[in-house]
1. Looking at Asn65 and the list (1) loosely packed, with under 14 Cβ neighbours inside 10 Å; (2) touching a helix residue (DSSP H, G or I) at 6+ places or on another chain (Cβ under 8 Å); (3) closer than 30 Å to Val126 by Cβ, which single condition is not satisfied?
2. Pairs needed: first member in the stretch 77-96, under 16 Å from Ser29 (Cβ atoms) and of a type in the set (Asp, Glu); second member anywhere, at pLDDT below 95 and part of a strand (DSSP E or B); C-beta distance under 8 Å; at least 6 residues apart or different chains.
3. When you check Tyr52 against the structure, is it surrounded by 12 or more Cβ atoms within 10 Å (Cβ to Cβ) and in contact with a Cys (Cβ under 8 Å, 6 or more places away or on another chain), yes or no?
Amino acid sequence: MTTDAQYIAAYDAYPLLKLVQSPVDQIASSGEEVEFRVAVSGGQAPLQYQWYVIPAEQMGSAEPNGTAIAGATSDVLRITAGDSVNGNRYYCVVKDQVGQQVVSDAALFTLSIAIPVTGDGFPMAVYLALTALSAAALLLLVKRRSA
């Protein structure tokens with residue numbers, strides 16, 4: 001005599017953790033604060049965020065390794081622009097309570113270099129280039145007249 005056993009599967013369905021927005025590239029002058037943001041939807045709360053930095057020296061590496069940034073555990077990463085962060089890339093790993101994980105794209109930080117200006121607001125580099133060209137033209141003219 002055989003009897004069939006009835007099997008019941010019980011499971012919890014969790015909302016899928018999805019990446020909605022990766023951080024975007026930032027450009028800023030030295031001393032300014034910039035923000036990188038990541039946005040996700042779904043997942044099982046609480047969510048855990050961890051930001052990573054890929055140093056500029058690793059740019060172009062086949063498999064760059066990111067280093068976790070101590071204390072950078074929210075959806076926003078704030079950094080102060082300076083030479084030490086120029087060319088670095090930043091990304092975020094977000095995990096939920098049941099082990100789902102998403103990784104954002106990496107965003108590039110570029111340090112903007114201010115171009116000195118003359119007193120009237122004219123760019124200094126252009127002023128110096130025009131002055132050098134004028135001096136060269138004057139020397140050429142003087143040389144031709146003396147020949």
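The values are calculated or read from the model by the stated rules, or taken from the named source; none is laboratory data. Just so you know, these numbers come straight off a predicted model, no measurement behind them. We place every Cβ from the backbone using ideal geometry, glycine too, and count neighbours over all the protein chains shown.
1. Every condition holds for Asn65 apart from (3).
2. Partner pairs satisfying both residue conditions: Asp83/Leu111.
3. Working: surrounded by 12 or more Cβ atoms within 10 Å (Cβ to Cβ): yes; in contact with a Cys (Cβ under 8 Å, 6 or more places away or on another chain): yes.
So Tyr52 fits the description; yes.
Results for (1) assigned by TED's automatic domain parsing to the domain that holds Gly82; (2) out of contact with any Pro (no Cβ under 8 Å at 6 or more places or on another chain); (3) at pLDDT 95 or above, shown as yes or no for each residue.
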site: Asp4; (1), (2), (3): no, yes, no
site: Ala9; (1), (2), (3): no, yes, no
site: Val40; (1), (2), (3): yes, yes, yes
site: Gln58; (1), (2), (3): yes, no, no
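Rundown of residues vs (1) under 23 Å from Asp12 (Cβ atoms); (2) β-branched (Val, Ile, Thr), yes/no style:
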| position | (1), (2) |
| --- | --- |
| Val53 | no, yes |
| Gly66 | no, no |
| Thr73 | no, yes |
| Val76 | no, yes |
| Val85 | no, yes |
| Tyr90 | no, no |
| Val94 | yes, yes |
